[in-house]
Amino acid sequence: ERTGAEDGDGADSGSGGTDSDEDAEDGDASAIPAPGYDMELTDQFGEVHTLSEYKGKVIFLNFWATWCGPCRAELPDIQKLYEEYSAQGDAAEVVILGAAAPGMGQEGSAEEIAQFLEENGCTYPVLMDTGYDMFNWYGITAFPTTFMIDKEGFIYGYVPGQMTEEIMRSIIQQTLEG
């Protein structure tokens, strides 16, 4: 079940929807694995990722574009979170991922996106959705949009629009506490 902040200010940070705890525990039909859970996508470094490989961890999945001002404004905060969680190694409970769509609309090629990331000091994995399957499955209509996927692989909630670091930390914590 998808939920989200209506006004993008983080007051309702897309935290889980209706009875998300019961849905997951009771096997409710609305508790379905995140779209594209087993889809293989390559990041800007040539590494292949599937969301299912992160089962047991919370996934912060940020859909963005290089031409999007609010997306660009979020990059330093996302990078900061990535550095904190990746420093924990295998013990980290949270995985930070970006998702970009090379060639979609005004977006450049995968190589141009990788160059943009390098120039902006972003080292967190950004999945290159060249076929737009993941973007379509998640119904991305605005940038940025961030989905939180819980440890069991279910969508916990989503937030359309730019977030502050404080809001990012809040939605991560809410998903961890699920």
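Report, to the nearest whole %, how much of the accessible area of the stretch 133-178 belongs to carbon and sulfur atoms, 1.4 Å probe, protein only. The partial results should precede the final answer.
Values: 890 of 1920 Å².
Carbon plus sulfur share of accessible area: 46 percent.
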Query raised in the report: When the Debye formula is applied to the Cα atoms of the stretch 36-75, each taken as the same point scatterer, what base-10 log of I(q)/I(0) results at q = 0.16, 0.30, 0.32, 0.35 Å⁻¹?
Result: -0.54, -1.02, -1.05, -1.11
Query raised in the report: What is the Cα centroid distance between the stretch 51-66 and the stretch 110-177, reported in whole angstrom?
Result: 6 Å
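For the stretch 34-178, what percent of Cα pairs sit more than 18 Å apart? All intermediate terms of the calculation are to be shown ahead of the outcome.
Working: 5367 of 10440 pairs.
Tail of the P(r) past 18 Å holds 51 percent of the pairs.
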Report task. Might you tell me the accessible area per residue for the stretch 36-178, computed with a 1.4 Å probe and given in Å²? Result -> 44 Å²
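Roughly to the nearest percent, how much of the accessible area of the stretch 43-97 is carbon and sulfur, given a 1.4 Å probe?
Numbers: 1180 of 2390 Å².
Carbon-and-sulfur percentage of accessible area, whole number: 49.
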Query raised in the report: When only alpha-carbon atoms count, how far does the stretch 70-125 stretch along each of its three principal axes, as whole angstroms with the largest first?
Result: 37, 19, 17
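The values are calculated or read from the model by the stated rules, or taken from the named source; none is laboratory data. Keep in mind the model is a prediction, meaning the values are calculated, not measured. SASA here: full protein model, heavy atoms, side chains in, ligands and nucleic acids out. Shrake-Rupley method; radii C 1.70, N 1.55, O 1.52, S 1.80 Å.
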